[in-house]
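The values are calculated or read from the model by the stated rules, or taken from the named source; none is laboratory data. Keep in mind that this is a model prediction, so the values were computed, not measured. A quick note on method: Cβ atoms are made from the backbone with ideal geometry, for glycine too, and the neighbour counts reach across all protein chains shown. Side chains are part of the model used for accessible areas, which takes the heavy atoms of the whole protein and leaves out ligands, DNA and RNA. Shrake-Rupley method; radii C 1.70, N 1.55, O 1.52, S 1.80 Å.
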Amino acid sequence: MRNYIIRRLLQLIPVLFGISVAIFAVLRFIPGGFASGMLGIDATPELIAQVNARYGLDQPVVTQYLNWIGGVLHGDFGISFRSGAEILPEILTRFQVTAELAILAAVISWCIALPLGILAAVKRNRMADRVVRVVALLGVSVPGFALSILVILVLSLFFGYYPPLDYVGLLEDPAKNLEIMFLPALILGCSMSGSVMRMTRSSVLEVLRQDFIKTVRAKGASERVAIFKHALRNALIPIVTLVGLQIGSLLGGAVVVEQIFSLPGLGLMTLTGINNRDYPVVQGCVLFIAFVYVLVNLVVDLLYAYIDPRISYD
Amino acid sequence: MKSVISTLRELWRDPMGKIGIIGVVLLIVVAIFAPQLAPYPYDEIGMRFQPPSAEHLFGTDKFGRDVLSRVIYGARVSLEVGIIAVGIGAVCGYLLGLVAGYFERWVDRVIMCFMDILFAFPSILLAIFISAVLGKGIGPTMVAIGIVNIPVFCRTVRAAVISAKGLEYVQNAKSVGVKTWPLLVRHISPNVVAPFTVQATLALSGAILTEATLSFLGMGIQPPDPSWGSMLSEGRADMIRDPWVALFPLLFIVVTILVFNILGDALRDVLDPKLKT
Amino acid sequence: MKNMKKWLSLSLAGAMLMGVLAGCGGGTSSTPAPVETGAAEATGEPAAVEQVLKYGTDTWPAGFDPHTISAIAATRVFNQVYETLIDFNPDMTFKGVLAESWENPDDVTYVFHLRQGVKFHNGREMTADDVVYSFQRVLGQTDYGDIGALGSTDSYYGGIASIEANDDYTVTITLGEPNAAFMANLTSSYGAIVCREVVEANDGSLSAIDTMCGTGPFMYKESVVDNYISLVKNPDYWEEGAPKLNGITYYLLADESARLAALRTGDINLCSLSALNLSDVEGDENIKVLSYQSNNYTYLGFNLSSEKLQDVRVRQAMSMAVDRQAIIDYVYNGEAAVSTFVAPAMGHWVWDAPAESPLYTYDVEAAKALMEEAGYSDSNRMTLTMAAGLMDSIRDTAVILQQQLKEIYIDVEITNLESGEYVDVWGIMDTPEAGYDSMCGQNGSGTDPNRAVSFFFSTTGGANVWGYSNPEVDELCAQAVATTDEAERESAYIEAQKIVIDESPNLFFASPMEYFFVSSSVEGFEPFAANANNFRSTYIAQ
């Protein structure tokens, strides 16, 4: 097992190297540049040259890349062109916001989806199953931005409520932090729960049909034990995959909700960076997100082994 | 392998399958015959923010365009983007996931390395990149959304393959000396059909909505062409004031996703060999 | 109709909330409503006593260096912190800020007498050396060299030949040649006076938010990036009794609906919103609307490297085929003024084209006739590719234009641009490489007609990206900037406007109103186009 983990960690290297090259190249290929974006319609070729020189953008791309990646290897992600702030500390601060949001959303979605999914599977093709499935689909099919805005509008108009605007960390003021996080996490959780529920249902169904469950049933164990001990355990594999994927995608993908609720998260940081063509910020964020994402997947794969003893890594 | 016709026949026998087929066919008919069905041209401007009436069943939007006509034409864009983008993502993801999950070792590592890179890449940036390479409009949008979807399919399928490989009957088949590809197709594929159809129907809704985000950023469908996603996104500020502008595209998105899901479930039941017992 | 609206909005709300509730409950247990507690907390706060203005802002500032950033999202923050020598009064005359008085011994020399006892936020007194240093920084004459400052261009301070401190409180600026727009240029935030030791302590960069150190009425206190910025009152501010507020806090609220919602609940008490929201606050006694005519105007610029657009008849026909009032009605809810490139807010500099130019008369038949003369007909239609900028109002304008130009044998193909594409395409709109025949966007007339006219339409103008060139216009622009005689300037600019509008290298449509939606308790805030964020005498009533 330990060897496996070491091997997996070594495999991080090509992934991170690949993403660093890809993001660097793509950022420089796409239309728009940092200088022209900052200067706007007043830009002149001289001003653009001045700005490029000031930020080292006049050097050959390979040199720029080597300078950047060299810094990253020493833990120096550089400073934001726009705000002049150090990038790594900023990323770490933002990560706390996004991670909290992702975890809360995931927990909410599990709480909703696991029981409903199992219920739907056990009551397959009966009324309960159909109702649960339709309700779960509503969560997926209403887009996050529309739901977020609607919730804000309804709460403010009919209840005079708006979540606190000034963000505080979880440790500074837990109550206020949770109040700020509650609505965005709920909205994300609902949209995630649809897919988790359906995945749970179909996995449980799948497993219920497999031979060994039939064996367990035949041996006289009660239905309930069969379901929970064996079915769920086996069904967990695709579910864990999905949750891993979703937490991964929330790291950078909760942008819309972060934006509407003004949560200073990693997704918003990346988006602003892209809009401003603030290269080091985008590069830093994407590299960091990739790193965390690959780690989450490693954990997911280790969980496979834990959940299903038939899978072994050595 | 079952023929398409017999599969359809079986689907039709299932009440849920029937609903799914009828729903999907209806939507496709709406999309194909949009010019005949729409009461007005989708870009004709007139009296703005008219509430639903006999003249404008779904009301009018901020340009006074008939929302019903736009919803009907929007079916073309949204279904096309949804189905083709998910198709691209699903086919690529399916093959890659199957290969990665079956072979494991270095094949798996290389494929998953690419998937991780792709997945961690911000999809907005990817879309900007693709529109810089391929231009704008419906084609590049479908490609962009399709590519974004590959890793999810790939991981789902790979996980299901890994778990299926542990099953006795697959082990048995292997030990009897069944060759690699037939084994994959015949014995493993049926096992991944379940999570895969679920994923595909989920991705469909994702694709319809991603298209809205891309249009909003200036990369998706270009005006005045309507898509449900972009109509919803444009109408979001009016949700309290003039709710019909957003309500009807939303309704169609929800219904579409519902019928595709119902069809997906029914299809899964028909295709799944183990249900035959 | 009203009932129908309400019914639909409720059903939509219900449909969506069902999703949420289905989520919360998992069927049985319902989560305790956070709604009640939150509302109680909000009302429990003694908001009125606080004297803190809570400002909902749509975009996070992209940097805080007044010499390199000009976006409104940034200036609305750092203009509270930094000050310039002079500023505009609402009637567009100048008032002293850091300069108490000034004189013009000749037409290239400006002597400014600085206010005494003005302190930077770090406690040091501001002197003539700081003024000299600030302009040197803009012009790239400090140890840090060129910093890419927008103010270093010819249209701002590029013409400064020398700047000297005569004593601690007197500064003399000498220009290379007369420039009638110079005083107006000094009101720009590019002319902000910064603190030398802060620049040096930060290695020449003032981009970071915590480097903000000026002489203004508010000082930087704290911030969370992409969330809020808190400024507090400068207790040593030079103006007696100002500011009245104890602070301003800016909250990022990117979405319009979110800003309106937060304003309703009192979580913010000031924000800018578009005209569409006006009807929502009608009759709401807690919210008032302050509006002013902006200096901005929407335009359709033609890529003059495109042969079909070199035909002036085609451009004129398009001008006549556009129903500008319809654009105003659809895009701005009727709340905008028909405009040329010298926006109506510029007062006496404006040539009244809507009344006097035949090209501003909506006349489809005349336009069709011109197009037919140019060889177009129903069987020979023109395809016009149009790039649309980033704002909703621009994209909406493009949609209306598409419909209106259809009438005169022109098929418009719209492409909405992403922000990066926009800056790339803008710079090359006079070449075929731009890939578009025309660009729909919004520009600003600025505060002096020199910018409105020369910058955009003289042959060498920095923003003349269309390839437009007319020696007569160039001559008039040169004349108008070389004299300080107002009447002479006015007649030259009016003449230039007539030519540009007649030749229509761009079409001009509307100058929108800008709206601040403000809690009724906010008093003493009177925005106008040249200075929309002055909170020196603002206070919160009760």
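What to note about this one:
- Residue within the range C:336-344 that is away from chain B (no Cβ under 14 Å) and assigned to a helix (DSSP H, G or I) present: yes
- Of all residues in the range C:224-236, those satisfying the criterion of being over 21 Å from A:E90 (Cβ atoms) and surrounded by fewer than 20 Cβ atoms within 10 Å (Cβ to Cβ) are C:V232, C:K233, C:P235, C:D236.
- Which numbered condition C:G420 fails, given (1) open to solvent by less than 10 Å² (accessible area, probe 1.4 Å); (2) touching a residue at least 12 places away in the same chain (Cβ under 8 Å): (2)
- Criterion applied to C:Y330, C:Y362, C:Y376 was being crowded, with 20+ Cβ neighbours inside 10 Å and in contact with an Asp or Glu (Cβ under 9 Å, 6 or more places away or on another chain), and the one residue passing it is C:Y330.
- Members of the range C:122-132 found to be in a helix (DSSP H, G or I) and open to solvent by less than 10 Å² (accessible area, probe 1.4 Å), listed by number: C:A128, C:D130, C:V131
- Condition check for C:N185: polar (S, T, N, Q) and within 14 Å of chain A (Cβ to nearest Cβ): yes
- Boolean, C:Y422 is under 30 Å from C:E365 (Cβ atoms), within 14 Å of chain A (Cβ to nearest Cβ) and not basic (K, R): no
- Residues (assigned to a loop (DSSP other than H, G, I, E, B), open to solvent by less than 30 Å² (accessible area, probe 1.4 Å) and farther than 20 Å from C:G446 by Cβ) located in the range C:140-171: C:G140, C:T142, C:G145, C:I147, C:G148
- Tally of residues being in contact with a Gly (Cβ under 9 Å, 6 or more places away or on another chain) and either small (G, A, S) or assigned to a strand (DSSP E or B) (or both) across the range C:225-237: 4
- Condition check for A:V131: without any contact (Cβ under 8 Å) to a residue 60 or more places away in the chain, part of a helix (DSSP H, G or I) and away from chain B (no Cβ under 11 Å): yes
- Taken over the range B:39-79, the criterion of being of a type in the set (F, W, Y) and within 27 Å of the chain's Cα centre (by Cα) is satisfied by B:Y42, B:F58, B:Y73.
- Restricting attention to the range B:1-17, the residues that are open to solvent by 60 Å² or more (accessible area, probe 1.4 Å) and either polar (S, T, N, Q) or at pLDDT 90 or above (or both) total 1.
- Of all residues in the range C:379-392, those satisfying the criterion of being open to solvent by less than 20 Å² (accessible area, probe 1.4 Å) and within 32 Å of the chain's Cα centre (by Cα) are C:L384, C:M386, C:A387, C:A388, C:G389.
- Only a single criterion out of (1) farther than 30 Å from C:L405 by Cβ; (2) away from every other protein chain (no Cβ under 12 Å) is not satisfied by C:Q310, namely (1).
- Applying the condition of being part of a loop (DSSP other than H, G, I, E, B) and open to solvent by 10 Å² or more (accessible area, probe 1.4 Å) to the range C:399-417 and asking which residue is farthest from C:I327 (Cα to Cα) yields C:Y409.
- Hey, A:V26 in a helix (DSSP H, G or I), in contact with a Phe, Trp or Tyr (Cβ under 6 Å, 6 or more places away or on another chain), open to solvent by less than 50 Å² (accessible area, probe 1.4 Å) and within 14 Å of chain C (Cβ to nearest Cβ) or not: yes
- Those residues of the range C:435-456 which are out of contact with any strand residue (DSSP E or B) (no Cβ under 8 Å at 6 or more places or on another chain), open to solvent by less than 20 Å² (accessible area, probe 1.4 Å) and assigned to a helix (DSSP H, G or I), in sequence order: C:P449, C:A452, C:V453, C:S454, C:F455
- Members of the range B:57-74 that are under 16 Å from B:L251 (Cβ atoms), in a loop (DSSP other than H, G, I, E, B) and within 12 Å of chain C (Cβ to nearest Cβ): B:F58, B:G59, B:D61
- From the options A:L157, A:L171, residue that is part of a helix (DSSP H, G or I), of a type outside the set (D, E) and modelled with pLDDT of 80 or more: A:L157
- Failed condition for C:V522, given (1) touching a Leu at 6+ places or on another chain (Cβ under 7 Å); (2) over 30 Å from C:G283 (Cα atoms): (2)
- Count of residues meeting criterion [touching a residue at least 60 places away in the same chain (Cβ under 8 Å) and out of contact with any Phe, Trp or Tyr (no Cβ under 9 Å at 6 or more places or on another chain)] in the range B:141-157: 5
- The single residue among A:F17, A:F34 that is closer than 21 Å to B:L118 by Cβ and modelled with pLDDT of 85 or more turns out to be A:F17.
- In the range C:255-276, of all residues being modelled with pLDDT of 90 or more and either of a type in the set (A, V, I, L, M) or more than 29 Å from C:S223 (Cα to Cα) (or both), the one that is nearest to the chain's Cα centre (by Cα) corresponds to C:L273.
- Considering the range A:12-23, the residues that are without any contact (Cβ under 8 Å) to a residue 60 or more places away in the chain and not small (G, A, S) include one that is nearest to the other protein chains (Cβ to nearest Cβ), namely A:P14.
- In the range C:188-216, the residue that is farthest from the chain's Cα centre (by Cα) out of those that are part of a helix (DSSP H, G or I) and within 14 Å of chain A (Cβ to nearest Cβ) is C:A201.
- Checklist (1) touching a residue at least 60 places away in the same chain (Cβ under 8 Å); (2) surrounded by 23 or more Cβ atoms within 10 Å (Cβ to Cβ); (3) within 22 Å of the chain's Cα centre (by Cα); (4) within 18 Å of B:T60 (Cβ to Cβ) applied to B:G220, failing item: (4)
- Qualifying positions in the range B:225-277 - open to solvent by 10 Å² or more (accessible area, probe 1.4 Å), part of a loop (DSSP other than H, G, I, E, B) and within 12 Å of chain C (Cβ to nearest Cβ): B:D225, B:I240, B:R241
- Residue check, A:T63 hydroxyl-bearing (S, T, Y), within 13 Å of chain C (Cβ to nearest Cβ), assigned to a helix (DSSP H, G or I) and open to solvent by 50 Å² or more (accessible area, probe 1.4 Å): no
- Comparison of C:E239, C:E282, C:E256 shows that the only residue that is facing another protein chain (nearest Cβ under 10 Å), farther than 19 Å from A:I180 by Cβ and open to solvent by 20 Å² or more (accessible area, probe 1.4 Å) is C:E256.
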